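J.: What follows is a single structure, and I will ask about it in a moment.
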Amino acid sequence: MCISDCKPECFLSASPVPSAVFAAVEVIVSNSQERVVLECRVGTFTNLAWKHNDQLIQSLNNRNLPRKGPAAILGRSKCVLDRLEIPSVMAQDTGTFTCIADGKTKEFKLLVVSVGSSPPELHSGSKATLQCVVNTGKPLSPKPTVQWIRPDGVPHPAKGPAHLYPVTASDSGVWVCSFLYEGRTYNSSLHVRVKAHITTTLAPPGGPKVQTKTPCNNLTQSCPPPGSTEPQPGPAQFHWWLWVAIGAGSFLVLLMLVCISVLIRRNRRRKVKKKLHRIKGAPPPHRPRQYCQCNCPPSAARLKQGGQKPKPLAPPLKPLLVQ
């Protein structure tokens, strides 16, 4: 959040002025990892260029054809016409941004403020320190002196880091880091949240043990009715019947496995016995061959029975006499 003149704003930009005239250097204050938008507001232009600490970021012509420069912030910024957008500013982005439109220049001074607490989570009764570091872009120049203002509007007694001890619930809220730069006062805010401190009581060595009541769970314990003073079953009773149930279930599973294995073995033995019995009672592999016998009557018997007389054979031929 950019803050100027003790008033927080999303971003600061120059007021509308004619394209030929630009306002003075504008100071913008932003927390680290926040979004910043710089605007020239020149309307129409022929050539426009953005620079960071005299290094070219990007330039545009009247056809919106970009030309990239060597500035390191080029990969983390975006130029849209006469606007330069930085989605997440970092400490190294501190410095001077220059907008050059048709030979006219406008400068922005960006101050990145890093605010935070150590430790990040504050607990009631503990120690904490609020830090506010202003990066001006000038490593040799001294950093501005900061003054923390409490959520109730009262300034913290010491300047610089605010040391809180002990942390109380009244420290919760928005703390404002105020600092002076070039004769003007700028602010940056930090939201602080204080959590309740959890105290634990330990029994002295050799003393009586301190019993702590545990909440009753209806799913695992038998809770007594409201208002009764009967002791609740402890963890030992719960584990006793649980182990008994696990043991009984394991025994039943083991018994079922044994019965199944015995039945499988018996079934296999029966199959083997039937196979051997079939082999013993089978006929021999080689049997005597049985030939077919014909019971037909002879040919003479068939003639007596009225069959046809066979034709006589032709007499042999006599040899011819040669005179």
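Each reported figure results from applying straightforward, stated rules to the coordinates on display, with no laboratory input. Remember, predicted model here, so these are calculated numbers, not experimental data. Cβ sites come from the backbone with ideal geometry, for glycine too, and all protein chains shown count toward neighbours.
J.: Count the net charge of all other residues whose Cβ sits under 12 Å from the Cβ of I100, scoring Lys and Arg as +1 and Asp and Glu as -1.
T.: Numbers: positive: K51, K104, K106; negative: D54, D82, D102, E107.
Net charge in that neighbourhood comes out at -1.
J.: Taking amide H positions as placed in the peptide plane 1.01 Å from N, state which residues far from E34 in sequence (5 or more) or on other chains have amide H under 5 Å from it.
T.: Close amide H contacts, sequence-distant or interchain: V89.
J.: Relative contact order for region 2-194: what is it in percent, counting Cα pairs under 8 Å that are at least 6 residues apart? Walk me through the numbers on the way to the answer.
T.: On the way: 461 pairs, mean separation 38.3, N = 193.
Value for region 2-194: 20 percent.
J.: Here is a further query. Taking a threshold of 25 Å on the Cα-Cα distance, which of the pairs K51/K138; K109/K143; K78/K143 fall above it?
T.: Working: K51/K138 17 Å; K109/K143 15 Å; K78/K143 29 Å.
Among K51/K138; K109/K143; K78/K143, the Cα-Cα distance tops 25 Å for K78/K143.
J.: Show the residues, 5+ positions off or on another chain, whose built amide H is closer than 5 Å to the amide H of G116.
T.: Long-range HN contacts for G116: Q131.
J.: Please report the net charge: other residues with Cβ closer than 14 Å to the Cβ of A49, K and R +1, D and E -1. Numbers along the way, then the final one.
T.: Details: positive: K51, R67, K68, R83, K104, K106; negative: D54, D82, D102, E107.
Its environment carries a net charge of +2.
J.: Order of D54, D102 from fewest to most other C-beta atoms within 10 Å? Present the calculation step by step, with values, prior to reporting the outcome.
T.: Numbers: D54 9, D102 13.
In increasing order of surrounding Cβ atoms, one gets D54, D102.
J.: Let me ask something else about it. Sorting check: for 70-78, 153-161, which peptide has the highest mean count of neighbouring beta carbons within 10 Å, and how do the rest follow? Provide the component values of the computation, followed by the final result.
T.: Numbers: 70-78: 14.6, 153-161: 11.3.
Highest to lowest by the protection proxy: 70-78, 153-161.
J.: Here is a follow-up. Starting with the highest mean, order 165-171, 246-252 by the number of other Cβ atoms within 10 Å, averaged over the residues of each peptide.
T.: Numbers: 165-171: 13.4, 246-252: 10.0.
Highest-to-lowest ranking by the protection proxy: 165-171, 246-252.
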